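In what follows, a single structure is set out as structure tokens and then discussed.
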Amino acid sequence: MSWQELPVPASSLGNNADQVGLFHYDVQSSKWTWSPEIFEMHGRKPGEVEPTTDLLRRHRHPDDPSHLADVIVAAKAPFSSQHRILAKDGRTVSIVVVGEPDRGENREVRTVHGYFINLTSSKAAEAEERDGLADEAAGIRFAMASRAPIEQAKGMIMLAYGCNAADAFQVLIDASQQSNTKLQALATSLVAEMETGVAQPESARTNLEAALLRLGRRAG
């Protein structure tokens, strides 16, 4: 059973808890991977439907001038963009999407990955009320504050398993779904667990030291 097929309690849908979801788009296969939070923003359960470009377009708010799907699919450089989702239950969900493309050896874009930030979540809504303006900058600040522990957790998984960023992303998603824990909360807990002051296995340290030495020589 894949992470997309695992059930999510109905009580978690429509919850206005802070939501930061991760996405990954494979350009060659046109395949999307969403964390559970992005399904929730669309008013859906993980596994209810396969994430696709067409699905994103169907959830576009009719008053939005641009298509979120087109912004992501056509990305050639890091970007941020504010949009509205028309959720399955009729709710309007304001989001900011922050993403960046990864390029292959031929410099062509292979994947695009990043974050959906729910601006209707409690902290973001409070910030908007204080500022009197629901703007893109507020969403980006919120995203950056949420991003750090997720990126740290991905780096730890990459080092431990010798995998790439996409695979580390999948490990985090699996753990988040199986434990029914928000990604940010899970990542923060993982980083805290590893900040114990206990040295990691010799093999991990050796690989890291070798990489640092190699990169240092290259820079020199």
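The values are calculated or read from the model by the stated rules, or taken from the named source; none is laboratory data. Predicted model only: the values in this text are computed from it and were never measured. Counting neighbours? That spans all protein chains shown, and the Cβs are built from the backbone with ideal geometry, glycine included.
Every condition in (1) assigned to a helix (DSSP H, G or I); (2) at pLDDT 80 or above; (3) of a type in the set (S, T, N, Q) is met by Gln178 except one, and the failing one is (2). Note on the stretch 89-116: residues that are buried (at least 16 other Cβ atoms within 10 Å of the Cβ) and touching a Lys or Arg at 6+ places or on another chain (Cβ under 6 Å) amount to 2.
Checking each residue of the stretch 74-89 against the condition of being part of a strand (DSSP E or B), at pLDDT below 85 and farther than 24 Å from Gln184 by Cα gives no match. Residues in the stretch 44-84 that are surrounded by 17 or more Cβ atoms within 10 Å (Cβ to Cβ), touching a Gly at 6+ places or on another chain (Cβ under 7 Å) and not aliphatic (A, V, I, L, M): Gln82 alone.
Only one of the listed residues (Arg130, Arg217, Arg205) is part of a helix (DSSP H, G or I) and at pLDDT below 60. That residue is Arg130. Based on this model, can you work out whether Leu86 counts as without any contact (Cβ under 8 Å) to a residue 60 or more places away in the chain and under 28 Å from Thr181 (Cβ atoms)? In short, yes. Find the residue count for the stretch 92-110, including only residues that are within 19 Å of Phe39 (Cα to Cα) and modelled with pLDDT under 90. Selection size over the stretch 92-110: 6.
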